[in-house]
1. Which one, I309, V330, Q295, is farthest towards the positive end of the dipole of segment 256-347 when Lys and Arg carry +1 and Asp and Glu -1 on their Cβ?
2. When the accessible area of segment 1-120 is computed with all protein chains present and a 1.4 Å probe, what percentage of it is carbon and sulfur?
3. Starting from the Cα-Cα distance between T130 and R19, subtract it from 0.36 nm times their residue separation and give me the gain in nm to one decimal.
4. Just the number please: accessible area per residue for segment 290-339, 1.4 Å probe, all protein chains included, in Å².
5. Roughly how much of L270 is accessible, in Å² to the nearest 10, using a 1.4 Å probe?
6. How much of the pair distance distribution for the chain lies past 32 Å, counting alpha-carbon pairs only, in percent?
7. In segment 194-266, what percent of the accessible surface is made up of carbon and sulfur (1.4 Å probe, ligands and nucleic acids excluded)?
8. Quick check: residue separation of T334 and S304 times 0.36 nm, minus the Cα distance between them. What number comes out in nm?
Amino acid sequence: MNTDRLHLDTLAVRAGIERSQFNEHSEALYLTSSFVFASAAQAAARFSGAEPGNVYSRFSNPTVTAFQTRLAALECAESCIATSSGMSAILATVMGLMKGGEHIVASHSIFGATVQLFSGILPKFGISTTFVAGTDVPGWGRAITPATRILFLETPSNPLTEVADIAALAGVAKRAGALLVVDNCFCSPALQRPLEFGADLVVHSATKYLDGQGRVIGGAVAGRSELVMDGIFQFLRTAGPTLSPFNAWILLKGLETLDIRMRAQSERALRLAQWLETRPEVARVHYPGLATHPQHALAMRQQSSGGAIVSFEVKGGREAAWRVVDSTQVISITANLGDTKTTITHPASTTHGRISPEARAAAGIGEGLLRLAVGLEHPDDLIADLARGLNAA
Ligand SMILES: Cc1ncc(COP(=O)(O)O)c(C=O)c1O
């Protein structure tokens, strides 16, 4: 199928389909660890790479390939490889493209486990990281050293929804001879395509909006083939954190509804953010779709909507915030996001609980902060659920 002129919602349903001899309509699930060869000569050719084709599912699998092809089409990427989780997508990117002695510049405002990976684990292998404010473009430039290989950011960030300027930072990376890697988890390609703004690579926790229904753990990296296939894939096929075919099949099905889900969830998030802004118990609402958001104009240039994550600061610190959490009856108390079911999290004691209080303060994550990942329930029911806790506060 020539996908060049198709729209994103069409690609999300159609890209990557390669039918078997049975001509199935829905994508087939190939639950097999290895593949059979017609002859010794073919086995040798497949192993050497002289003949393309599947060998072993740690290297490639048709269901996983279908997911990779579809996500590459959505991100406008030359290549995509799937991984067993979002964290292994980030790890494989670093391991595939960097060596000891090299350096990362990363935004302060990234997922807690990514901070832990960069500051707690990578130094054991001689890779260091300098953290900067994601929104301070000159600050990124100042942090670069001759050893800098990767600039890493999330936009919007987790949990404060800070929006970083992808095009400006792509320029900073290019001038330094480094790569800009964007974690596109919060927006998904339905709302934002970082490669179009000059990023070199996009990483995903497919666990979030790509699945969209809270079922499986998965990840992906997309970008130019020279980076994805020659660098990252070589680490992945050897070290093994590849995506299982079953999870790839679930994710393929998730992508089919990505665009429609992201639009509906963003609409609900905006409605909730606007309502939270009217509440006297709330000190501040963080949502890129609000005119009061410090990077609202930039967000509206980079993203087609504000997304489905809303954070807000309850007056009264941890006690008041926990009261709101504990008063919910519809919203789920869970750290995951990107589900059709709305979730609520207290970042300071959960997702960002393992980073030091100093790092948390630098990232602006206070004790009264709550993060909502808005799903597909009726917004009036979500508002009533939050009003109960806020009224009690
Ligand atoms: C922005 C972001 N990046 C990466 C990850 C890690 O993904 P996974 O849990 O699939 O390893 C998460 C998980 O919550 C996340 O929120």
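The values are calculated or read from the model by the stated rules, or taken from the named source; none is laboratory data. Just so we're clear, the structure is a prediction, and the values are computed from it rather than from any experiment. Don't worry about glycine lacking a Cβ; one is built from the backbone with ideal geometry, like all the others, and counts go over all protein chains shown. These area figures cover heavy atoms from the full protein model, side chains too; ligands, DNA and RNA do not enter into them. Shrake-Rupley method; radii C 1.70, N 1.55, O 1.52, S 1.80 Å.
1. Among I309, V330, Q295, the one farthest towards the positive end of the dipole of segment 256-347 is Q295.
2. 54 percent
3. Working: separation 111, 0.36 × 111 = 39.96 nm, distance 4.70 nm.
Additional length available on full extension: 35.3 nm.
4. Value returned for segment 290-339: 45 Å² of accessible area per residue.
5. 60 Å²
6. So the pairs more than 32 Å apart make up 34 percent of the total in the chain.
7. Solvent-exposed carbon and sulfur of segment 194-266 make up 57 percent of the total.
8. 8.1 nm
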